1. Spot the failing condition for Ala52; the list is (1) at pLDDT 95 or above; (2) surrounded by 19 or more Cβ atoms within 10 Å (Cβ to Cβ); (3) in contact with a helix residue (DSSP H, G or I) (Cβ under 9 Å, 6 or more places away or on another chain), and only one is missed.
2. Pick from Ala273, Ala310: which is of a type in the set (Gly, Ala, Ser) and either in contact (Cβ under 8 Å) with a residue 60 or more places away in the chain or surrounded by fewer than 24 Cβ atoms within 10 Å (Cβ to Cβ) (or both)?
3. Out of the residues in the range 223-269 meeting the condition of being of a type in the set (Gly, Ala, Ser) and closer than 12 Å to Lys332 by Cα, tell me which one is surrounded by the fewest Cβ atoms within 10 Å (Cβ to Cβ).
4. Residue by residue through the range 85-99, note down the ones that are in contact with a helix residue (DSSP H, G or I) (Cβ under 6 Å, 6 or more places away or on another chain) and within 17 Å of Ile110 (Cβ to Cβ).
5. Identify, please: which residue in the range 247-268 is not in a helix (DSSP H, G or I) and not small (Gly, Ala, Ser) and is, among those, nearest to Ala183 (Cα to Cα)?
6. Those residues that are part of a helix (DSSP H, G or I), over 15 Å from Thr251 (Cα atoms) and more than 21 Å from the chain's Cα centre (by Cα), I need them from the range 269-302; list them, please.
7. Wholly within the range 137-237, which helices (runs of 4 or more DSSP H) include no fewer than the required count, namely at least 2 residues that are at pLDDT below 95?
Amino acid sequence: MNTKILTIDLDTRAYDIFIGTGLLSRLQDFIPDDVKKRSVFVITDENVTQYAQTVSEAATNLGASKVEVIVMPPGEGTKSFSSMQKISEFMLSNGLNRNSLIFAVGGGVIGDLAGFCASIAMRGVEFIQVPTTLLAQVDSSVGGKTGINTAQGKNLIGSFYQPSAVIADIETLKTLPKRELLAGYAEVAKYGLIQDEEFFKWLEQNGARVCSLEQDAVAYAVEKSCRAKALTVEADEKEHGRRALLNLGHTFGHALEAAAGYNGLLLHGEAVAIGMVMAFELSSRMGLCSNDDVERVEKHLQDIGLPTRAAYIDGLSTTVDDLIEVMRRDKKVVSGNMVFVLVNRVGEAFLSADVPEDLVRAVLKDSLGDEEKGTKGKWKSKFSSHS
């Protein structure tokens with residue numbers, strides 16, 4: 001396929017998103033010409049060291065003065081203070097300066113962590129996103145959100161710091177575990193659910209092709225998602241309004257992730273899938289969207305192979321009160337009120353801080369299910385091959 005180039009226009013901080021196949025084999029076409037004599041740091045995780053090595057070799061061949069590869073453990077638990085300290089101290093001990101260049105090679109965890117380290121090192125060092133998961137290619141690598149998790153919640157420490165480029169080679173998805181691929185699909189579906197029903201209709205017809213990595217379908221889904229994200233970031237970089245719509249399902253989802261403990265029990269995209277169903281259910285109970293919309297969204301996500309109820313996550317132990325406590329610490333809370341992305345229908349979302357807590361609790365209770373009725377663990381047993 002031809003390389004697609006999308007530009008995020010942020011005045012003096014504009015940058016390109018490159019989407020295509022085989023991009024890593026010709027990195028010299030996409031990384032800065034002035035990499036010569038610069039120190040380069042490649043931050044990655046244990047699952048994708050082969051791609052980090054490709055980046056390292058390209059930087060070396062282009063004349064970088066030094067190239068260091070930092071390999072972190074995979075998983076959400078790596079987005080932590082200790083990881084941030086480890087990376088920062090390693091770079092500072094190995095020649096980091098304001099002219100250095102950092103590559104984030106991996107999924108959303110590495111992108112968020114490396115981007116945050118880049119934003120605070122020397123008060124800002126250039127970095128490039130090289131996303132290797134579907135979730136990172138369609139969402140987290142684009143837009144400049146960086147950060148780490150804490151015991152109090154997800155992404156509560158972070159910054160807005162834009163990369164100088166995003167290089168999305170869809171061939172890297174071929175080595176992605178099926179479960180990770182499906183988790184990324186939740187973020188693809190999100191774009192259709194919040195603002196583009198026609199895209200969601202396309203996904204209903206072609207989602208299985210995306211998840212089977214048929215090249216034309218994947219390329220279209222990644223480009224469509226990145227284009228939607230780019231337009232949103234251009235209009236609202238710091239999430240004061242429109243960009244917050246990209247958080248559909250995330251208020252619920254982040255609480256579930258915190259309850260799960262960032263240990264692999266529940267992936268971010270899986271939590272978002274459950275959260276989006278809850279957002280539609282909440283909207284329906286408020287009289288905003290129809291129950292048909294709720295069923296439509298849940299059916300599609302289930303057909304793809306994603307969990308749609310918290311009760312389906314075997315091993316998840318939490319309560320409505322615990323989840324509400326986490327949700328009250330969400331970044332989007334305004335004057336003590338939880339803020340939700342609600343929907344009038346598929347493709348039409350909006351923000352609201354005027355949401356009755358009793359309805360939120362009812363939706364959470366319904367999603368958590370009842371062990372005595374055998375609703376626990378259905379997703380894991382039904383889709384065990386995805387693990």
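1. The number of the failed condition is (3).
2. Step by step, each of Ala273, Ala310 is checked, and only Ala273 is of a type in the set (Gly, Ala, Ser) and either in contact (Cβ under 8 Å) with a residue 60 or more places away in the chain or surrounded by fewer than 24 Cβ atoms within 10 Å (Cβ to Cβ) (or both).
3. Ranking the candidates gives Gly241 first.
4. Correct list: Ile87, Ser88.
5. By that ranking, first place goes to Leu267.
6. Answer for the range 269-302, where residues must be part of a helix (DSSP H, G or I), over 15 Å from Thr251 (Cα atoms) and more than 21 Å from the chain's Cα centre (by Cα): Ser284, Arg285, Asn291, Asp292, Asp293, Val294, Glu295, Arg296, Lys299.
7. Those helices (runs of 4 or more DSSP H) span 215-235.
This table checks each residue for (1) within 19 Å of Leu156 (Cα to Cα); (2) of a type in the set (Phe, Trp, Tyr); (3) assigned by TED's automatic domain parsing to the domain that holds Ser225; (4) modelled with pLDDT of 95 or more.
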{"residue": "Met84", "(1), (2), (3), (4)": "yes, no, no, yes"}
{"residue": "Met91", "(1), (2), (3), (4)": "no, no, no, yes"}
{"residue": "Ile110", "(1), (2), (3), (4)": "yes, no, no, yes"}
{"residue": "Phe116", "(1), (2), (3), (4)": "yes, yes, no, yes"}
{"residue": "Gln129", "(1), (2), (3), (4)": "no, no, no, yes"}
{"residue": "Leu135", "(1), (2), (3), (4)": "no, no, no, yes"}
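The values are calculated or read from the model by the stated rules, or taken from the named source; none is laboratory data. All values derive from a computational prediction rather than experimental measurement. All Cβ positions, glycine included, derive from the backbone under ideal geometry; neighbour counts span all protein chains shown.
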